[in-house]
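To keep things clear, I will list the structure first and then write my remarks on it.
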């Protein structure tokens, strides 16, 4: 697979977000230097961190699309988790710098200037980050295969766990970025129109805390992804239902589904009806394996077959869960 084909398969949301946030970071840094606004500086740091992170994540999503090789037979799906962990470090450092600057502004408040310049840039930031956020929410809905027609914001939160690590990171980061733009506007208004100069520093610290929340949330999700985590229950149930739909399958003796990025590795042993010849049983095994592999999110299947032991193993396990 050529490099350009891999790039085309990369996470679109993170690529768009990296470019958009780099543009915002540049104009915010200029505005912060001209006006002396602490909240503008905090917002600029957040945009710069987002740009670096999402650039890393896009590159990681491209590498994760590489096909398995002889040396790496299970593929490169977890590469994206490594790049997301690097992004977490960047966010944490930027959050520290933002909180430190906010504390400095509380101790030594400064009156900012160029009110309308700051407001214009922050409104632009809200629109750009809002556009990226909506795009990420739509991708979550697509990747999680949610058919709901309700509020897209609520839908995105429900489906975030099933989305790819890259899309989750963009969603959380731009959720905070959009909120930060609104908070920064409030801070500037309080500082310049109501003469509450400490508001600049307080809101800078609050933005830094929100960045730490993103670092924690994304860091935890990707740490779990690197270790290897059980797939959501509904994914497991769907796989079980697909197998039990075959008239030759009596029960599921064992089923384990591991999530890696947005793909799943399936290990399953099914019980077949008694009296089948070895040739027929083998044919059924290959048919079931092929059926599961037709699902685009399933990366590989290890399927074993045994004869019906006259115990309803899968049904009993489901009863224990619920």
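Annotations
- Residues in the range 165-188 that are in contact (Cβ under 8 Å) with a residue 24 or more places away in the chain and either farther than 30 Å from residue 80 by Cα or not assigned by TED's automatic domain parsing to the domain that holds residue 133 (or both): 182, 183, 184, 185, 187, 188.
- All helices (runs of 4 or more DSSP H) inside the range 1-113 with 1 or more residues being crowded, with 22+ Cβ neighbours inside 10 Å and either in the same structural domain as residue 210 (by TED's automatic domain parsing) or at pLDDT 75 or above (or both): 12-35, 38-63, 79-107
- Within the range 231-238, one or more residues are free of Cβ contacts under 8 Å to residues at least 24 places away in the same chain and in contact with a strand residue (DSSP E or B) (Cβ under 8 Å, 6 or more places away or on another chain).
- Any hit, the range 240-259, residues being over 20 Å from residue 85 (Cα atoms), assigned by TED's automatic domain parsing to the domain that holds residue 143 and surrounded by 14 or more Cβ atoms within 10 Å (Cβ to Cβ): no
- Selection count where residues are at pLDDT below 85 and loosely packed, with under 13 Cβ neighbours inside 10 Å, scope the range 293-314: 4
- Exactly one residue among 183, 146 is in contact with a helix residue (DSSP H, G or I) (Cβ under 9 Å, 6 or more places away or on another chain) and modelled with pLDDT under 75, and that residue is 146.
- The set of residues in the range 239-275 that are without any contact (Cβ under 8 Å) to a residue 12 or more places away in the chain and in a helix (DSSP H, G or I) contains only 241.
The values are calculated or read from the model by the stated rules, or taken from the named source; none is laboratory data. Not measured: the values here are computed from a predicted model. Neighbour counts are summed over all protein chains in view; Cβ atoms, including those assigned to glycine, are modelled from backbone coordinates with ideal geometry.
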